[in-house]
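Participant: Here it is: the structure, laid out below.
The values are calculated or read from the model by the stated rules, or taken from the named source; none is laboratory data. Because the structure is predicted, anything quoted here is derived from the model rather than measured. Every residue, glycine as well, gets a Cβ built from its backbone with ideal geometry; the counts of neighbours run over all protein chains shown.
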Amino acid sequence: MSMKSDSVAMTSLAGERKQGTVGIFGTGDFGRSLGLRLLQAGYEVVFGSRDPKNSALVPKGSKVMTHTEAAQMTQVIFIAVQRNYYHFLTSLTPALEGKVLVDISNNLKRGQFPQSNAEYLSSLVPGASVVKGFNTVSAWALQSGALDASRQVLVCGDDPKAKQAVVDIAHSLGLSAQDRGSLGAAGELEDIPLQLFPNWRLPLWVATGLTAFFFFYLLIRDVIYAYAEKGQDISYRIMITLANKVFPIVALVMLSLCYLPGAVAAILQLYNGTKYKRFPDWLDRWMLCRKQLGLLALFSAVLHVVYTFIISIRYNVIHTSDTEVITQIKKNQSVPFDNAEAWATDAFLSLGVLGFAMFLLLGITSLPSVSNALNWREFHFVQSKLGYLTLTVCTTHCLLYGWNKFLKPSTYKWFTPPGFMLCLVVPCIVLILKLILSIPCIDHRITLIRNGWERPTKVQSSKMDAFLERGTTL
């Protein structure tokens, strides 16, 4: 995207509906991107620069002048420079008296300075009204029309009129704004861009823990057991065979973890007899990260599908297949066709394909661009009804993989159950709980509670009994 071409295209529109003059101190990436959006919104933009003659990079239609001249022409000024360069503002104190200074800076790490950048700016220019804002919006978001990043502007400051001026500018740019209070909240706002996937931390820890557990568990059962008990070196299976066992297990367990907190929440509501009692903190965190759990589960499922596709071209698979064929030819014998095994294999593969297709549909509908096009009933149907169907199909897929293996003593190496049996525990618990909660009498009570009904307390019940008794006596 070319900023120059965009600014040329919008110059005539900007000239038709001027909304005021806005100043920007700084001609870096963010300052230029913000200037372009302001021009497109109909504002007159004035850049304050140390070198006004060097104006080749600023959007066409804006003005470039010294900091003092720019301050005299505008009421709202965006400070688009880093904290380390704020010292030049002290010489502009008379010109900045009564102005609204919007601090958009961020730091490289938390706790880098004893006070927030906005509070430091306020101490340098005490006569100005400092507002913290626009620091959570990137230059790329401004250039792309805020369609590919956050559209929300968080603002804080001690002057309500100054904050409202910044909020009005945000709204005119097509952004939403949220007031976070006084300037003392600036430190919190400056920490937000430093967060690295805050909603993904718990799901990533869960996925990592499950992957590590099942990897080492299957490593012991398959590779180490074969070497210790039979003297076979099958360590080459770690790369594909072992991985292709771990990833589907993790995918199924994490998919079931997306629906388990909903069942736990319903049980707690039944127990409490109301929806107005807070859930435990751990359950709140669990429910808030269900989307991330589902996407990580889908990622594991995709890896399982890819690994499955390449199994047929592996050296040991080709070698084993050729050896069996040669052996049968030499012995002049053939393995009889097992109709039951054929049914089980085809059903296993068919359910795997269906389960993965529905898994993909769940992942696609979780994307904001898709979910925003659905109403609540449609979104709930896909994520709940279709989600449970997906879990049922994938669980059945895993059951067919095991088929009758659980009946064979050789399955339990060193008296441990195979991985596919362990991974069925959580999904089966979720499906059983869902089946119980779907019983009409229980489902009706849950619906009443979620619609606002509350179970009467003992005191309320005794008062009602006394009231009915008095009515009967009268």
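Participant: Which one of Arg285, Arg314 is at pLDDT 90 or above, assigned by TED's automatic domain parsing to the domain that holds Ser384 and of a type in the set (D, E, K, R)?
Facilitator: Arg285
Participant: Would you mind stating whether Gly111 is surrounded by fewer than 19 Cβ atoms within 10 Å (Cβ to Cβ), over 22 Å from Leu194 (Cβ atoms) and small (Gly, Ala, Ser)?
Facilitator: Answer is no for this residue.
Participant: Now for a different question. Which condition number in (1) in contact with a helix residue (DSSP H, G or I) (Cβ under 7 Å, 6 or more places away or on another chain); (2) surrounded by 15 or more Cβ atoms within 10 Å (Cβ to Cβ); (3) not polar (S, T, N, Q) is the one that Val64 fails?
Facilitator: (1)
Participant: Next up: Confirm whether Val45 is assigned to a loop (DSSP other than H, G, I, E, B) and within 25 Å of His171 (Cβ to Cβ).
Facilitator: The answer is no for Val45.
Participant: Going through segment 414-433 one residue at a time, which ones are surrounded by 13 or more Cβ atoms within 10 Å (Cβ to Cβ) and either at pLDDT below 95 or touching a Cys at 6+ places or on another chain (Cβ under 8 Å) (or both)?
Facilitator: Thr416, Pro417, Pro418, Gly419, Phe420, Met421, Leu422, Cys423, Leu424, Pro427
Participant: Among (1) modelled with pLDDT under 95; (2) assigned by TED's automatic domain parsing to the domain that holds Leu101; (3) of a type outside the set (Lys, Arg), where does Asp222 come up short?
Facilitator: The single condition Asp222 does not satisfy is (2).
Participant: Here is a further query. Restricting to segment 327-344, and then to whatever is surrounded by fewer than 10 Cβ atoms within 10 Å (Cβ to Cβ) and aliphatic (A, V, I, L, M), can you tell me which residue is nearest to Leu400 (Cα to Cα)?
Facilitator: Selected residue: Ala340.
Participant: Would you confirm whether any residue within segment 390-400 is assigned by TED's automatic domain parsing to the domain that holds Pro427 and exposed (fewer than 14 other Cβ atoms within 10 Å of the Cβ)?
Facilitator: Checked against the condition, which is being assigned by TED's automatic domain parsing to the domain that holds Pro427 and exposed (fewer than 14 other Cβ atoms within 10 Å of the Cβ), segment 390-400 yields no hits at all.
Participant: Now a separate question. Where in segment 282-384 are there helices (runs of 4 or more DSSP H), lying wholly inside it, with at least 2 residues that are touching a residue at least 60 places away in the same chain (Cβ under 8 Å) and in contact with a helix residue (DSSP H, G or I) (Cβ under 8 Å, 6 or more places away or on another chain)?
Facilitator: In segment 282-384, 290-309, 339-365 are the helices (runs of 4 or more DSSP H) which contain 2 or more residues that are touching a residue at least 60 places away in the same chain (Cβ under 8 Å) and in contact with a helix residue (DSSP H, G or I) (Cβ under 8 Å, 6 or more places away or on another chain).
Participant: If you check Leu255 against the conditions, is it in contact with a Phe, Trp or Tyr (Cβ under 6 Å, 6 or more places away or on another chain), part of a helix (DSSP H, G or I) and among the aliphatic types (A, V, I, L, M)?
Facilitator: no
Participant: Taking the condition farther than 19 Å from Ser182 by Cβ and either in contact (Cβ under 8 Å) with a residue 60 or more places away in the chain or among the aliphatic types (A, V, I, L, M) (or both), does Lys109 pass?
Facilitator: yes
Participant: Do we have Ala357 as touching a Phe, Trp or Tyr at 6+ places or on another chain (Cβ under 9 Å) and under 28 Å from Leu242 (Cβ atoms) here?
Facilitator: no
Participant: Right, another one. Within segment 156-179, how many residues are touching a helix residue (DSSP H, G or I) at 6+ places or on another chain (Cβ under 6 Å) and modelled with pLDDT of 95 or more?
Facilitator: Counting residues in segment 156-179 that are touching a helix residue (DSSP H, G or I) at 6+ places or on another chain (Cβ under 6 Å) and modelled with pLDDT of 95 or more gives 3.
Participant: From the list Glu69, Glu119, pick out the single residue that is in contact (Cβ under 8 Å) with a residue 40 or more places away in the chain, in a helix (DSSP H, G or I) and surrounded by fewer than 22 Cβ atoms within 10 Å (Cβ to Cβ).
Facilitator: Matching residue, one of Glu69, Glu119: Glu119.
Participant: So which residues in segment 391-449 are of a type in the set (S, T, N, Q), free of Cβ contacts under 8 Å to residues at least 12 places away in the same chain and assigned to a helix (DSSP H, G or I)?
Facilitator: Ser410, Thr411, Thr447
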